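The values are calculated or read from the model by the stated rules, or taken from the named source; none is laboratory data. Note that this is a predicted model, so its numbers are computed, not measured. Neighbour counts are summed over all protein chains in view; Cβ atoms, including those assigned to glycine, are modelled from backbone coordinates with ideal geometry. Accessible surface is based on the protein model in full, side chains and every heavy atom, while ligands, DNA and RNA are left aside. Shrake-Rupley method; radii C 1.70, N 1.55, O 1.52, S 1.80 Å.
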Amino acid sequence: MVNSFVWTDEEAKYLKAVLKWQDPAGDDKRRSRLSQFPKPTPAPTADITQEKAIVGEFRILVIGAKGVGKTSILTRFGRDTFDGDGTPDPFYERGCRHPVDIDGQLYMIDALEMPSKHLSSNPMLEQALNITEAAVLVYDVTDEHSLKLAKGIAEFVKDTFYAPTGAGSNSGREYGLVLVGNKSDAEDDDFDRAVSWSEGSKAAAAASFKSSSAAGPGPGGCQFIEVSARTGENVNSIFPTIGREVLRLKRLNQQRREEMERVLMMRRLQQRQGSTSATTTLSSGGVVKKRGGGLWKTLTNPFMKRQAEQGAY
Ligand SMILES: Nc1nc2c(ncn2[C@@H]2O[C@H](COP(=O)(O)OP(=O)(O)OP(=O)(O)O)[C@@H](O)[C@H]2O)c(=O)[nH]1
C-alpha cells in the first residue's frame, strides 16, 4: 500500500483527546438528534472501492467560523445531499470518511470537523493540526468576518509549521491548505455576497507559505475554491485538490531530505579523506568545495545553496 498511514500511539492519544471536544451535554443532544434520523445510506462511491484498492489515506481538518457550512460541505461530499432547513445531517457533524479518486488512484479522506467554539483555544487548534496533514479553511461568501477568521487560522498554521526559527514543535513537517468560499449560490438567492471571488483568491495567495527555516519544509501553496454545499457546485474538487497538495509536499520534502543526505554523505567522505582542496560534483549538479580547512559550499541548486547559507550543513 502506497502512502498509507497507521495511527501511532501518540496520534491515537491526540485523536482520543480530539474526540473529547464534544462536551457531554452536546453528546446527549447529538445522540437524541441522531436517533431522529434514519441510518445513513452508504456513500455513493461505495462501488468504486470494490473495483479499486485504496492506496492511501489523508487526515484533513475542516475548520472555519460558526455557520459557514462545514457540516453541509461534508454532507454533500459524503452523501451528496443538502438539508436546507438549517439542520444538516448530524452524521457528518464531526467529520466523515469517504474515498476520492486522485489522478486515477483511490484515497480515503478522513475529514475531521473542528467545532467553531474551540477556535479561540490555541492549544486545541495546535492539537488539531498535530493529528492532521492538511486543512480545509472554510468561510462564507456572505460573511466577511468569516474570511477574516479563516485568514487568522492560516496565519496560525504558518506560525506553527513555518516559524522562522524552525524551533516550533511542528516545524519540519509539511502541511497543506485550501481556502474554500462556501455558499457561492448566494447570488441566486436572497443572500448578498459580501466577499468577491478575487478577495478570496488574494487571501489564498497571502496564506501560501514560504519556507524561511533551514529545518522547515518546502514551500506550500494555498489553493482557492468557491463552492456551494447547497447546489453541490465544486464540492467534489475540494478533497482531490487538498490530497494532491499533500502528495506534492511529501514529494518535495522527500527530495529535500535526499539532497541533504547526499550532501552530508559527501561531507563525511571528504572529512575521512582529510582533503583540503577536494571538489566534488553532486549527482544533482550541485558542487561542494572544501577551502582552507573549513567546508565552503557553492551549490548550484538554489534550494541547497539557501540551506547552506543558513548553515544547515
Ligand atoms: N445558501 C446556502 N446555504 C448554506 C450552504 N451551506 C450551508 N448553508 C446553510 O448555512 C447554515 C449553516 O450550515 P452548517 O453546515 O450547519 O454550518 P457549520 O459550519 O457546520 O455550522 P457550525 O457547526 O454551527 O459551526 C445552514 O442553515 C445551512 O443550510 C450553501 O452552500 N448555500
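Summary of computed values
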quantity	calculated
Segment 98-161: GluC sites (Glu not before Pro) falling in loop per DSSP and having at most 15 other Cβ within 10 Å	none
Using θ = phi - 60° and Karplus 6.51 cos²θ - 1.76 cosθ + 1.60, couplings along segment 55-69 (whole Hz; Gly, Pro as x)	9, x, 9, 10, 9, 10, 8, 10, 9, x, 5, 4, x, 6, x
Built amide H within the under 5 Å cut-off of GLN223, gap 5+	LEU177, LEU179
Cβ-defined net charge surrounding LYS148, 12 Å radius [Lys, Arg +1; Asp, Glu -1]	-4
Probe 1.4 Å - accessible area at VAL138, Å² to nearest ten	0
